[in-house]
Amino acid sequence: MTTLIRAFANSGATGQAPLLRPAQVERLFADGLSQITAQICDWAFPVTLVGVLGHYSDRAPKAPRYYQVPIEDLADGSVIHMDIDKTALNGSGIEPGDQVRVVGRIGANLFRGEISLRLNALAISLDEEPSHNRRRQERPLLDLLRHLPRKRHAFPEQPEPTLTLIHSASSEARVADDFLNALQDRVSAARRTLVPVSMNDPIRIAAAIRYASTAIVAVVRGGGPASDFRVFDHPDVLEALAHSRAYRVLGLGHSADTSLAELVADHPATTPSAAGQYVGDQIMKIRATRFREQREAEPRRVETIIRLPWLARMLRLDQPCQNGSETIQP
């Protein structure tokens with residue numbers, strides 16, 4: 001095929017345009033791409049590729065030993081796929097969204113007239129540069145927040161709502177008492193569910209939120225260093241809050257920074273006491289509204305009761321008596 005290309009090129013140089021059929025044009029184009037692909041595959045030198053690991057899948061049945069994994073450049077969104085042995089990735093602790101360094105050789109595939117580059121991976125590791133770590137965490141969170149439900153819930157219009165309080169399991173933490181003291185028994189003990197969890201474990205916090213079946217869910221914790229509040233930026237916690245059908249209240253005793261969970265909650269308070277006070281105040285407003293509506297309805301009800309006998313007599317004016325006597329005249 002290379003000889004054919006040179007022959008056509010030489011004929012063009014002599015001033016005679018080559019006469020080609022459509023099939024020959026396709027063959028020329030395919031041969032040129034094949035040469036380019038072969039040259040790329042001849043590059044034997046290894047390269048180190050830095051990028052964000054995407055979601056991967058098996059290449060089975062053609063290559064059951066390998067994963068095909070996209071690697072994305074955060075700078076411009078460019079993507080190159082790599083083939084990596086499953087044993088090199090499984091058990092490594094590396095997950096989609098991680099910033100990684102991959103050592104491998106560049107290759108190319110030719111399919112239906114299109115060349116796609118690939119990387120034949122030899123080794124993979126996490127990229128430990130601080131800036132890369134920050135971007136590795138930010139990108140998945142941004143992607144998650146972009147797809148989370150953004151619907152805000154209205155406070156339940158119930159004078160006696162049910163409530164789940166998720167608080168620290170530490171015996172030294174008094175955040176549950178702070179919340180309940182501010183609530184002032186406006187939610188009875190029978191309608192409260194207290195769930196103590198480790199406030200450093202996002203998996204348990206998320207599970208407690210998901211399993212709550214009450215009208216209100218409150219998550220509270222006391223103050224501490226900023227690093228202790230990163231748990232409220234965890235994807236599992238954000239997803240659990242976003243998909244909860246309850247009214248979501250946060251009482252996090254750390255006002256220096258805003259956690260991502262506060263962007264998802266219906267009411268973020270700065271302390272557990274403030275969260276309890278808010279819930280109690282809303283319940284009292286609903287009760288006051290119900291009481292006012294009942295008082296306004298009471299005179300109408302009494303007036304209706306007073307008028308009923310007269311209405312009944314009017315309805316019986318033209319009816320015969322039950323004892324068969326004549327019709328009562330007004």
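Sort 285-297, 223-235 by the packing proxy (mean of other Cβ within 10 Å over each peptide's residues), most packed first. Numbers along the way, then the final one.
Working: 285-297: 11.3, 223-235: 15.6.
The peptides rank, most packed first, as 223-235, 285-297.
If you take the Cα Rg of segment 146-287 and divide it by 2.2 N^0.38 Å, with N the number of residues, what do you get?
After normalising by residue count via 2.2 N^0.38 Å, the value is 0.95.
When the chain is fully extended, how far beyond the present Cα-Cα distance does Arg210 get from Gln294, taking 0.36 nm per residue of separation? Before the final figure, lay out each step's value.
Working: separation 84, 0.36 × 84 = 30.24 nm, distance 3.64 nm.
Answer, rounded to one decimal: 26.6 nm.
What's the carbon and sulfur percent of segment 168-277's accessible surface, probe 1.4 angstrom, rounded to a whole number?
46
Order the peptides 270-277, 215-222 from the highest to the lowest mean number of other Cβ atoms within 10 Å of their residues.
Output ranking for 270-277, 215-222: 215-222, 270-277.
In whole Hz, with x marking every Gly and Pro, tabulate ³J(HN,Hα) for segment 205-212 from phi via Karplus 6.51 cos²θ - 1.76 cosθ + 1.60, θ = phi - 60°.
Those phi angles translate into 4, 4, 5, 5, 5, 5, 7, 5 Hz.
Suppose each label sits 7 Å from its Cα in the direction of the beta carbon; what would the Thr258-Asn90 distance come out to in nanometres?
Distance between label points: 4.5 nm.
Name the shape class, rounded, prolate or oblate, that the alpha-carbon gyration tensor gives for segment 236-284, where a ≥ b ≥ c are the square roots of its eigenvalues, rounded holds for a/c under 1.5, and otherwise prolate holds if a/b is larger than b/c and oblate otherwise.
Oblate, since a/c reaches 1.5 and b/c is not below a/b.
Residue separation times 0.36 nm, minus the C-alpha to C-alpha distance between Leu148 and Asp185: what's the value?
Result: 9.9 nm gained on full extension.
Give me the number: length gained by fully extending Arg174 to Ser78, i.e. 0.36 nm times residue separation minus the C-alpha to C-alpha distance, one decimal in nm.
Gain on extension, Arg174 to Ser78, equals 29.5 nm.
The values are calculated or read from the model by the stated rules, or taken from the named source; none is laboratory data. Small disclaimer: the values here were computed from a predicted structure and weren't measured. Positions of Cβ are generated from backbone atoms using ideal geometry, with glycine treated the same way; all protein chains shown enter the neighbour counts. Side chains are part of the model used for accessible areas, which takes the heavy atoms of the whole protein and leaves out ligands, DNA and RNA. Shrake-Rupley method; radii C 1.70, N 1.55, O 1.52, S 1.80 Å.
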